[in-house]
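What follows is calculated from the coordinates using simple rules that are stated; it is not laboratory data. Model, not experiment: these values are computed from the prediction. Cβ sites come from the backbone with ideal geometry, for glycine too, and all protein chains shown count toward neighbours.
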Amino acid sequence: MALFKFAGVLRARVAQENAAKAEVARSRFTANAAMAEVHRQSATLDQAEKADYSTANALAVAMATRQAMAAELAFAVGQAEEAEVIVENRKADLAAAARQRKAMEKLAERHAVTRRHRAEVAERAEVDDITNARYTQSQRNQRKDRH
């Protein structure tokens, strides 16, 4: 029986799965960085709210600054949520790549089992032929000895 014809496809599936794992790791890193930015901006906004302002002008500037910081925080939260969606998509891609790889591995496994079975059948047939030939030869020799 021939070699497994889809060995190249199996290697490609393994490579795809490895690439998908790397993408999950990259997207997870990006999501973690986005979440860290959210926490940093949130802490900065919390610190800005604790400040004490002595004049009305300072209070107006502080309020405008806090509004800008809140807008940046909202943007950062949106980016973090997008990053989480990307992570989930990459995980789905990884799961699909793993399923494809497993399917090819099962196919390769079945192919190997079939090859072994056919080799065993051929070996048994060869042993049976040798056994039958010896038996036939011994029967002929016994007939010759009787006559």
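So which of ALA31, ALA58, ALA20, ALA80 ends up being part of a helix (DSSP H, G or I), among the aliphatic types (A, V, I, L, M) and free of Cβ contacts under 8 Å to residues at least 24 places away in the same chain?
Only one candidate passes the filter, namely ALA58.
Condition first: over 14 Å from the mean Cα position of the chain (by Cα), assigned to a helix (DSSP H, G or I) and closer than 30 Å to ALA119 by Cβ. Can you find one or more residues in segment 8-15 that meet it?
Yes, segment 8-15 contains a residue that is over 14 Å from the mean Cα position of the chain (by Cα), assigned to a helix (DSSP H, G or I) and closer than 30 Å to ALA119 by Cβ.
The rows are residues; the columns are (1) surrounded by 11 or more Cβ atoms within 10 Å (Cβ to Cβ); (2) at negative phi; (3) touching a residue at least 12 places away in the same chain (Cβ under 8 Å); (4) of a type outside the set (Lys, Arg).
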residue	(1), (2), (3), (4)
GLU84	yes, yes, yes, yes
ARG118	yes, yes, yes, no
ASN132	no, yes, no, yes
GLN139	no, yes, no, yes
Any hit, segment 53-71, residues being out of contact with any Leu (no Cβ under 8 Å at 6 or more places or on another chain) and under 27 Å from VAL87 (Cβ atoms): yes
Test: residue in segment 75-97 that is of a type in the set (D, E, K, R), within 22 Å of ALA7 (Cβ to Cβ) and under 19 Å from the mean Cα position of the chain (by Cα): no
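Based on this model, can you work out whether ALA70 counts as without any contact (Cβ under 8 Å) to a residue 12 or more places away in the chain, assigned to a helix (DSSP H, G or I) and among the aliphatic types (A, V, I, L, M)?
Working: without any contact (Cβ under 8 Å) to a residue 12 or more places away in the chain: no; assigned to a helix (DSSP H, G or I): yes; among the aliphatic types (A, V, I, L, M): yes.
No: the conditions fail for ALA70.
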